[in-house]
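Report on the following structure.
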Amino acid sequence: MAGEDEIQNNETKQVTKVLESLKQASQDLQNNHSNSTIEALLELESEADPIFSIDPNLSNLSNLLSDLKNHLEELHQLKGHSIGSIIRRRFKTHEISRVAGEIQTQIQAWIDRENIEILVETLQGSDEDENKVRILTQFADRVSQGFNRDLQDLVLKSKVFSVLELTLCDAKSSKRVRESAASAVGALVQFNKDVFVGEVLMGHAVKALIDMGTNCSIKVLCTLIRSIKSPLVDEIEANKETPKIISFLSSEDLAIKVIAFDCVLEIGYFGRKEAIEAMLEEGLIKRLVELQRSELGGDLIEMGSGHRMGDESSRDREKYLEDHPFASCVARFAIQLEVGEGLRQREKRMLKQVILRRVREACASEAVAATILAEVLWGASL
């Protein structure tokens, strides 16, 4: 049985390879009707002809290639410089481009169908991690190319999101496989938010991302928060996941601390009052003060002297923040609340006062407190 599967997989790979080449040739033909492009496509058409009997889904493609060949032959026979000849050549050229485009679409649909089937079988089977990661990466790259209704229909029909979520939530799977599944989930939400946001909110993907607590999983979480906004932050708060996110700021892994701060900023921008209060209750401000006073911190408001930035360009400022990711992090969080869309004006004013009070409590000296307080009060000018 395993031998038969291997033979079938090799046949599918061979068909896919030929069709990929044919698709590229069709795309080239739409842009360039040179003799070399036409010859390359006709050569591939001859090579592809025997494989059309393998899959009934390829029968229509065979007809399209036959039509294209006829159009190319007719174009070659059109000669003369009369207006009628020029118009006929232009019409025939348009038909060739149209058919070539349809061939390209048909081939992509076949490849998508095969790849979706392979994705589901691979994730539900016992394939090696390397193969699962490769298939997941391939899928994420495909949906990242932009919306395609036929592809979406395939994804929904095959219940791909559920398969990805099961892989993401499977603690027995390797970290690499789960992270690849996480990236695929994030790409699928970007592919069509209207369809897949509901599956994220109703499922367990967000909890799994937070429980994993890796650089990749938190990065995907940030992407989901930017896509789904307040409803996802509400879900995180309702499931009492906020403390875990705050705890990532204390990680020994710098990359995790940095992406966790990005996540905190996203929650600050989209979060409603309950979510913000939950973060403050978890000691967020105290932790941000510690990060700001660390070697990777700093005070943007004091950048007017010597080694500081002062009047340097925004590009230099961005470079400084790359080297000091926690510079003015308290004020940057406060700014997110102020300009964000999750809070009412009255709530913004109230929470700003809470932040000021927490800063005073967290600072070891009045001098340190004064600088951070000034940044929070004048944060918009940073």
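Quick check, is Asp170 surrounded by fewer than 18 Cβ atoms within 10 Å (Cβ to Cβ), at pLDDT 95 or above and not assigned by TED's automatic domain parsing to the domain that holds Glu117? Spell out how you get there, then give the answer.
Details: surrounded by fewer than 18 Cβ atoms within 10 Å (Cβ to Cβ): yes; at pLDDT 95 or above: yes; not assigned by TED's automatic domain parsing to the domain that holds Glu117: yes.
It is true that Asp170 is surrounded by fewer than 18 Cβ atoms within 10 Å (Cβ to Cβ), at pLDDT 95 or above and not assigned by TED's automatic domain parsing to the domain that holds Glu117.
Pairs are defined by a Cβ separation below 9 Å, a sequence spacing of at least 6 or placement on different chains, a first member in the range 138-150 that is closer than 12 Å to Asn192 by Cα, and a second member that is part of a loop (DSSP other than H, G, I, E, B) and modelled with pLDDT of 95 or more; the pairs so defined are Val143/Asn192; Phe147/Asn192. Report yes if Ile107 is at pLDDT below 95 and part of a helix (DSSP H, G or I), otherwise no. Yes. Look at Lys207 and say whether it is more than 27 Å from Arg142 (Cβ to Cβ) and of a type in the set (Lys, Arg). Criteria not met by Lys207.
Contact annotation: residue pairs with Cβ atoms under 9 Å, 6 or more positions apart or on different chains, pairing a residue in the range 154-177 that is part of a loop (DSSP other than H, G, I, E, B) with a partner that is acidic (Asp, Glu), are Ser158/Glu117; Ala171/Asp211; Ser173/Asp129; Ser174/Asp129. Closer than 18 Å to Cys216 by Cβ, at pLDDT 95 or above and among the acidic types (Asp, Glu): does that describe Glu252? Spelling it out, Glu252 is indeed closer than 18 Å to Cys216 by Cβ, at pLDDT 95 or above and among the acidic types (Asp, Glu).
Selection of the range 173-197 for residues being among the basic types (Lys, Arg) and buried (at least 17 other Cβ atoms within 10 Å of the Cβ) yields only Arg178.
Selection of first residues in the range 55-67 that are part of a helix (DSSP H, G or I) and of second residues that are among the small types (Gly, Ala, Ser) and crowded, with 16+ Cβ neighbours inside 10 Å, restricted to Cβ pairs under 8 Å at least 6 apart or on distinct chains, gives the following pairs, ordered by first then second residue: Leu65/Ala48.
Number of residues in the range 33-72 that are aliphatic (A, V, I, L, M), at pLDDT 80 or above and either surrounded by fewer than 16 Cβ atoms within 10 Å (Cβ to Cβ) or over 24 Å from Arg89 (Cα atoms) (or both): the value is 1. Just one of (1) under 25 Å from Asn148 (Cβ atoms); (2) aliphatic (A, V, I, L, M); (3) touching a residue at least 40 places away in the same chain (Cβ under 8 Å) fails for Ile218. It is (1). Of all residues in the range 290-301, none that is surrounded by fewer than 18 Cβ atoms within 10 Å (Cβ to Cβ) has its Cβ atom under 7 Å from the Cβ atom of a residue that is modelled with pLDDT of 95 or more and outside any loop (DSSP other than H, G, I, E, B), 6 or more apart or on another chain.
The values are calculated or read from the model by the stated rules, or taken from the named source; none is laboratory data. As the structure is a computational prediction, the values presented were derived from the model and not from experiment. Counting neighbours? That spans all protein chains shown, and the Cβs are built from the backbone with ideal geometry, glycine included.
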